[in-house]
Amino acid sequence: MPESPVAQQAEQMTNDAGGFPAQRQEPPGSTKQMDPVPDHGEDTYEGSGKLEGLRAVVTGGDSGIGRAVAIAFAREGADVVLSYLPEEQEDAEDTAEWIRKAGRTAVLCPGDIMQESTCQEIIDKTVQELGGLDILVNNAGAQWARDSGLEDMSTERMDRIFKTNLYALMWLTKAALPHLGKGASIINVSSIQAYDPSPSLLDYAATKAAINNFTVNLAAQVGERGIRVNAVAPGPIWTPLQPATKEAESMEKFGADTPLGRAGQPAELAGAFVFLASPKDASYVSGTVVGVTGGKPVF
Ligand code: NAD
Ligand code: MG
């Protein structure tokens, strides 16, 4: 059976150990500085009208998984609002360009989602410019793996990780809910860390476990309104987050410990998000977590 071009390219991008050259960036990281530059499906993703006319917000949509989701959603017929940090303007503009090339509207929303007011502004701007909202993808996330144990963990770090990964997700969801109708959906981004936590990501892993719990519970709360709530739990994926928050040498084996023996590319996540967002294909799918982990268990 012929292997998919995306998987083939993903394999070619990794070294013999399944990882990448040692490299380091500072947060939030930039796509162009990555070696190799990740594959977001620019040359491969083919849409088939699964999200025709829908309106989506993708937080962290400038780069990595968020960029792959934005490109796929646009090619499936959706207009997309991108939320990101102001210093990621260049990445955001590149993603917006792909959305426009797909014939869809891109709306840019720079701002720090650790502020509740920014989260409200993102939703307000979406409704103003696109006339409503159908899909909220809570994808933005922060982690830090360059310090040692809990004794060295500053409150500033804990605030940053919990506010970005959990508070912002709840603020955005709270602001979005009044605009979501029957068939709308929320997709949260969890992690393999919720199931198989690394000691160096103590706080991050806890936020991802909380996101799973929140996903299932919110699905129960809003189910009677016809709104679906799901999560995607990625394994190791080649995005700016990794070289921007971990030690340079750890990139050499990044992803090598998965059953498939390599890291995934952002493009390999797109199908899971499109499925969950599709009111037709996933009409009875809610309160679940879809793993895209290269074979690591998500239970
Ligand atoms: P990424 O760096 O491309 O995306 C993360 C994005 O979060 C950034 O682009 C940034 O725009 C956004 N962000 C962070 N702090 C923010 C803030 N204060 N205000 C506004 N935006 C902010 O990396 P990615 O790996 O694509 O990350 C996307 C999601 O995937 C995250 O939730 C991450 O935890 C999750 N995830 C990633 C991996 C992986 O291996 N890359 C694995 C599991 C889960
Ligand atoms: Mg980014």
Are any residues in segment 263-299 surrounded by fewer than 18 Cβ atoms within 10 Å (Cβ to Cβ) and either modelled with pLDDT under 95 or not β-branched (Val, Ile, Thr) (or both), and if so, which ones? Gly271, Phe275, Pro279, Lys280, Asp281, Ser283, Tyr284, Gly287, Gly295, Lys296, Pro297, Phe299
Quick one: would you say Val37 is on the phi < 0 side of the Ramachandran plot, in contact with a Ser or Thr (Cβ under 8 Å, 6 or more places away or on another chain) and without any contact (Cβ under 8 Å) to a residue 12 or more places away in the chain? yes
Only one residue in Ala205, Ala209, Ala219, Ala184 is in contact (Cβ under 8 Å) with a residue 12 or more places away in the chain, within 24 Å of Cys119 (Cβ to Cβ), more than 9 Å from ligand 1 (Cβ to nearest atom) and open to solvent by 40 Å² or more (accessible area, probe 1.4 Å), so which one is that? Ala209
Any residue in segment 63-80 that is among the polar types (S, T, N, Q) sitting within a Cβ distance under 6 Å of a residue that is in a helix (DSSP H, G or I)? List the pairs, counting only those 6 or more apart or interchain. Ser63/Asp91
Considering segment 232-248 alone, what residues qualify as being within 10 Å of ligand 1 (Cβ to nearest atom) and either among the hydrophobic types (A, V, I, L, M, F, W, C) or assigned to a strand (DSSP E or B) (or both)? Val232, Ala233, Pro234, Ile237, Trp238, Leu241, Ala244
The lone exception for Lys246 - which of (1) open to solvent by 10 Å² or more (accessible area, probe 1.4 Å); (2) more than 16 Å from ligand 2 (Cβ to nearest atom); (3) in contact (Cβ under 8 Å) with a residue 40 or more places away in the chain it fails: (2)
Working only within segment 19-32, note down all residues that are open to solvent by 40 Å² or more (accessible area, probe 1.4 Å) and either part of a strand (DSSP E or B) or within 16 Å of Glu252 (Cα to Cα) (or both). Pro21, Ala22, Arg24
Please give the number of the condition Ala176 fails out of (1) crowded, with 18+ Cβ neighbours inside 10 Å; (2) over 26 Å from Phe73 (Cα atoms). (2)
Residue that is in contact (Cβ under 8 Å) with a residue 60 or more places away in the chain, over 17 Å from the mean Cα position of the chain (by Cα) and within 16 Å of ligand 1 (Cβ to nearest atom), where the choices are Thr44, Thr14: Thr14
Those residues of segment 16-66 which are aliphatic (A, V, I, L, M) and either at pLDDT below 95 or more than 11 Å from ligand 2 (Cβ to nearest atom) (or both) amount to Ala17, Ala22, Val37, Leu51, Leu54, Ala56, Val57, Val58
Quick one: how many residues across segment 259-282 are in a loop (DSSP other than H, G, I, E, B), touching a residue at least 60 places away in the same chain (Cβ under 8 Å) and more than 16 Å from ligand 2 (Cβ to nearest atom)? 8
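Condition check ((1) farther than 20 Å from Leu166 by Cα; (2) in a loop (DSSP other than H, G, I, E, B); (3) out of contact with any Lys or Arg (no Cβ under 8 Å at 6 or more places or on another chain); (4) open to solvent by 10 Å² or more (accessible area, probe 1.4 Å)) across all residues:
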{"site": "Ala68", "(1), (2), (3), (4)": "yes, no, yes, no"}
{"site": "Ala74", "(1), (2), (3), (4)": "yes, no, no, no"}
{"site": "Val80", "(1), (2), (3), (4)": "yes, no, no, no"}
{"site": "Glu90", "(1), (2), (3), (4)": "yes, no, no, yes"}
{"site": "Thr95", "(1), (2), (3), (4)": "yes, no, no, no"}
{"site": "Ile99", "(1), (2), (3), (4)": "yes, no, yes, no"}
{"site": "Gly103", "(1), (2), (3), (4)": "yes, yes, yes, yes"}
{"site": "Val107", "(1), (2), (3), (4)": "yes, no, no, no"}
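Give the residues of segment 47-66 that are buried (at least 21 other Cβ atoms within 10 Å of the Cβ) and either more than 9 Å from ligand 1 (Cβ to nearest atom) or of a type in the set (Val, Ile, Thr) (or both), sorted by residue number.
Leu51, Leu54, Arg55, Ala56, Val57, Val58, Thr59, Ile65
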Can you confirm whether Gly183 is over 20 Å from the mean Cα position of the chain (by Cα), small (Gly, Ala, Ser) and not in a helix (DSSP H, G or I)? yes
Can you name every residue in segment 152-173 that is surrounded by fewer than 18 Cβ atoms within 10 Å (Cβ to Cβ) and either polar (S, T, N, Q) or assigned to a helix (DSSP H, G or I) (or both)? Asp152, Ser154, Thr155, Glu156, Arg157, Met158, Asp159, Arg160, Tyr167, Met170
Residues in segment 112-151 that are open to solvent by 60 Å² or more (accessible area, probe 1.4 Å) and within 22 Å of Gln25 (Cα to Cα): how many? 2
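The values are calculated or read from the model by the stated rules, or taken from the named source; none is laboratory data. The structure presented is a predicted model; accordingly, all values stated were derived computationally and were not measured. All Cβ positions, even for glycine, are placed from backbone atoms using ideal geometry, and neighbour counts span all protein chains on display. Ligands, DNA and RNA are stripped out before the accessible areas are found, and what is left, the full protein with its side chains, is counted by its heavy atoms. Shrake-Rupley method; radii C 1.70, N 1.55, O 1.52, S 1.80 Å.
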